1. How do 224-233, 193-202 rank on mean C-beta neighbours within 10 Å, highest first?
2. Among 139, 278, 225, whose Cα projects farthest towards the positive end of the dipole of the chain, with charges put on the beta-carbon of Lys, Arg (+1) and Asp, Glu (-1)?
3. Whole-Hz Karplus ³J(HN,Hα) for segment 213-220, in order, using 6.51 cos²θ - 1.76 cosθ + 1.60 and θ = phi - 60°, x for Gly and Pro?
4. Working out 0.36 nm times the residue gap between residue 418 and residue 38, then minus their Cα-Cα distance, what length gain in nm do you get to one decimal?
5. Can you give me the three principal axis dimensions of segment 1-163 from its C-alpha atoms, in Å, biggest first?
6. Roughly to the nearest percent, how much of the accessible area of segment 172-213 is carbon and sulfur, given a 1.4 Å probe?
7. Shape of segment 118-184 from its Cα gyration tensor (a ≥ b ≥ c, root eigenvalues): rounded if a/c is under 1.5, otherwise prolate when a/b > b/c, or oblate?
8. If you build the Cα gyration tensor of the chain and take the root of 5 times each eigenvalue, what three semi-axes come out, in whole angstrom, biggest first?
Amino acid sequence: VHNCVAAGGKVLIPTFALGRAQELCILLEDYWERMNLKVPIYFSAGLTIQANMYYKMLINWTSQKIKETYATHNAFDFKNVRNFDRSLINAPGPCVLFATPGMIVGGFSLEVFMQWAPSENNLVTLPGYCVAGTIGHKLMSGKPTKIDLDKDTQINVRCQIHQLSFSPHTDAKGIMDLVKFLSPKHAILVHGEKPKMATLKERIQSELGIQCYCPANNETVTIPSTHYVKADASGTFIRSCLNPNFKFSTCSSTDKSYLDSNKSKAVSRLSVSDDRATEGILVVEKGKKAKVIHQDEFLHMLGEKKHEIQFAYCFPMHMARTEDLSSTSHMLCSFDKCTLISRLSMILSDELSEGNILDLGEELQVESFHVSVCSSDNCPHRLSSSLQNGSESVFFCCHWSVADEKLAWKIISIMKNSTL
């Protein structure tokens, strides 16, 4: 920068208005004071000026070094920095200009670049990373002689180009040094340009002998662990593991009694399995050994109560027409609740391909979904108090947990489109 302004050139520093601009200004201001330079330094962005005001006000949030010198000198009180006006773009004489945006993708930095780039005396200093496709990235990738802004606009580039490592992200060398120092068994690269990440991955694996991963978005990486932690288990958790955990499912088989008559009959048989599995919570308290406890114990430890969201819905289901029945009460007398539930179980067994259907007598259960015949005319879960088609319908009351919401509405849809 000094060499450029000493030769009478202009320096454009495209930068982000918050953070990096202030850091560079502190360095330039200090250098200007030591070298007794009078060349003006300009800020173009209103945000940068406003940000500087807050940096001055909130000096306690800055680093220890800046706070220590605050009594004699506020690091953000820039004596050599001034506001920039558009009329100064083509003004004679050297100057330094901070302009946004930092990657020269538009705005004032692009406007100034178009004016200053054709002169060999001028300098563009890029203080950080620039995304591919931006003018800043094209300048960093190799000094171009011309840049096509659009089909009608071409920029002649004869100015000097210089890059500074002021990005908040460390570079490849810094990452390699960090990985070498930590010597992990695995490394995962998750942020950056794909080709550069692939190159860095190869360097980590070949030079450091460390397994490295470079997963794409939504890709899962599984890392084996050889680190084991011994944990105690509470009595309640152990007892919950010992409790039966029955799973019921139906399967089809052939009834052998029909084989002699050259006929076969498919018979649904109930299959029962017992998977002794339970879920616990690993608790690591300060100064204590790790312990696996039951979820109810965890709630008690936190002094909280268990909250569950339950959904409920009461609706009518069509019955087959029966001439001698004239009311719902007669219907429920003729067809007891167990019979209705049994018929419903048969319908769901034919129509439903998921979940275990349990006939519990006066109630049917599929996972957390429970359905029973509703004989209350004032059921709070009923949207309509009137029966559909008079005596040819009967109400069923359902309730389920949020985890089985899709399954519940599928069952309700089957029931509404079926006839008992």
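1. 193-202, 224-233
2. 139
3. Calculated HN-Hα couplings, in order: 10, 9, x, 7, 4, 6, 8, 9 Hz.
4. The residue 418-residue 38 span can extend by a further 127.8 nm.
5. 54, 31, 28
6. Values: 1830 of 3010 Å².
The nonpolar share, carbon plus sulfur, comes to 61 percent.
7. It comes out prolate by the Cα gyration axes.
8. Taking √(5λ) for each eigenvalue gives 75, 30, 26 Å, largest first.
The values are calculated or read from the model by the stated rules, or taken from the named source; none is laboratory data. Quick caveat: nothing in here was measured; it's all calculated off a predicted structure. Glycine also receives a Cβ, built like all others from the backbone with ideal geometry; neighbour counts cover every protein chain displayed. Surface accessibility is based on the protein's heavy atoms, side chains included, excluding ligands, DNA and RNA. Shrake-Rupley method; radii C 1.70, N 1.55, O 1.52, S 1.80 Å.
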